[in-house]
Amino acid sequence: MLAPSYATPREKLTYFLFAVFCALVFLFLIGPILVIMPLSFSSEPWFTYPLPGLSLRWYVDFFTDERWRIALQNSGIVAVFATLIATGLGTLAALGLSRGNVPFAGLILSILISPMIVPVVIVAVAMFFGFAAVGLNNTYLGLILAHAILGTPFVVITVTATLTGFDRTLTRAAASLGASPWTTFRTITLPLIAPGVTSGALFAFVTSWDEVVVALFLASPDQRTLPRQMFSGIREQISPTITAAATLLVFFAALLMLTLELLRRRSERLRGTGG
């Protein structure tokens with residue numbers, strides 16, 4: 001962060017101190033990541049600095065060990081199906097609530113986003129007893145539905161934000177020309193709100209991918225997800241394979257953040273507000 005050329009010496013000093021403060025905050029936030037990532041390349045099964053040697057053995061173990069492989073597979077399956085459900089339900093809810101003539105719209109929206117406000121352990125306990133009553137505990141369907149419930153609020157919020165600047169005269173014009181509601185939605189509404197829908201889907205996917213508390217309550221040992229496997233590994237047997245898994249998750253999260261930024265810029269271009 002550089003001060004403008006016309007800034008006074010005092011303003012330049014202020015800019016410099018602010019930049020230093022931001023850098024320190026940034027280092028504080030990413031410090032644990034910077035510590036974990038090098039350990040994943042250690043050649044020995046203990047956590048020490050300096051590293052005794054460099055090796056990819058823990059990454060090989062992550063992709064070849066049956067426990068980690070099954071956990072990765074379970075996380076992928078649950079996250080994909082939960083994202084599809086959350087994206088569909090969240091988009092429909094946002095479209096309905098954005099019409100402006102829905103009674104108690106504020107109350108309905110508050111209920112829809114409550115899973116992201118209420119502490120997740122409370123939500124997990126409620127799901128445990130609720131799903132137990134209908135026989136969904138220790139099933140893939142129950143875990144998928146639980147993760148879909150947690151991801152739906154993110155879709156509702158992002159799609160609702162996208163619809164804020166949506167020009168409804170386009171849909172009225174399409175209707176006046178004889179287009180059916182489905183044709184109007186498919187050819188006009190959906191392409192314009194696609195960045196919001198995709199962003200919400202990515203948030204729902206990440207929510208499901210990283211979730212561990214609900215998995216501890218609802219999943220059986222056969223449905224152990226990757227975060228639950230990492231949690232169990234820390235409690236039962238600490239292995240550097242956990243650091244490899246954590247490093248891969250960090251790179252995966254960074255890729256998703258880059259995708260979200262590209263979607264944000266595309267949305268700005270569609271609205272004509274991008275730089």
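The values are calculated or read from the model by the stated rules, or taken from the named source; none is laboratory data. The structure displayed is predicted, hence computed values, not measured ones. Cβ sites come from the backbone with ideal geometry, for glycine too, and all protein chains shown count toward neighbours.
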Residue match in the range 78-98 (condition: surrounded by 19 or more Cβ atoms within 10 Å (Cβ to Cβ) and more than 27 Å from residue 163 (Cβ to Cβ)): yes
Close pairs from the range 18-46: first on the phi < 0 side of the Ramachandran plot and among the aliphatic types (A, V, I, L, M), partner outside any helix (DSSP H, G or I) and modelled with pLDDT under 85, Cβ under 7 Å, at least 6 apart: 19/1; 39/47; 39/240
Count of residues meeting criterion [more than 14 Å from the chain's Cα centre (by Cα) and within 20 Å of residue 155 (Cβ to Cβ)] in the range 189-221: 8
Condition met for residue 42 (small (Gly, Ala, Ser) and modelled with pLDDT under 75): no
Single residue of the range 211-261 satisfying the filter (loosely packed, with under 15 Cβ neighbours inside 10 Å and acidic (Asp, Glu)) that is farthest from residue 116 (Cα to Cα): 236
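If we only count helices (runs of 4 or more DSSP H) wholly inside the range 169-255, which ones have 2 or more residues that are touching a Leu at 6+ places or on another chain (Cβ under 9 Å) and of a type in the set (A, V, I, L, M, F, W, C)? Talk me through it step by step, then tell me what you get.
On the way: elements: 169-176, 181-184, 190-210, 213-218, 226-236.
Where helices (runs of 4 or more DSSP H) fall fully within the range 169-255 and carry at least 2 residues being touching a Leu at 6+ places or on another chain (Cβ under 9 Å) and of a type in the set (A, V, I, L, M, F, W, C), they are 190-210, 213-218, 226-236.
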Some residue of the range 125-137 being more than 23 Å from residue 80 (Cβ to Cβ) and either touching a Leu at 6+ places or on another chain (Cβ under 8 Å) or surrounded by 20 or more Cβ atoms within 10 Å (Cβ to Cβ) (or both): yes
The range 94-134 - residue that is within 24 Å of the chain's Cα centre (by Cα) and not in a helix (DSSP H, G or I) and, of those, nearest to residue 211 (Cα to Cα): 119
The range 1-14 residues that are closer than 25 Å to residue 26 by Cα, paired with ones that are modelled with pLDDT under 75 and assigned to a loop (DSSP other than H, G, I, E, B) (beta carbon under 7 Å, 6 or more apart): 11/3; 12/3
Selected residue (criterion: nearest to residue 220 (Cα to Cα)) from residues of the range 52-78 that are polar (S, T, N, Q) and in contact (Cβ under 8 Å) with a residue 12 or more places away in the chain: 74
Flag if residue 51 is assigned to a helix (DSSP H, G or I) and at negative phi: no
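Out of the range 100-110, which residues are hydrophobic (A, V, I, L, M, F, W, C) and exposed (fewer than 12 other Cβ atoms within 10 Å of the Cβ)? I'd like the intermediate steps shown before the answer.
Applying the first criterion (hydrophobic (A, V, I, L, M, F, W, C)) to the range 100-110 yields 102, 104-105, 107-109.
Within the range 100-110, 104, 107 qualify.
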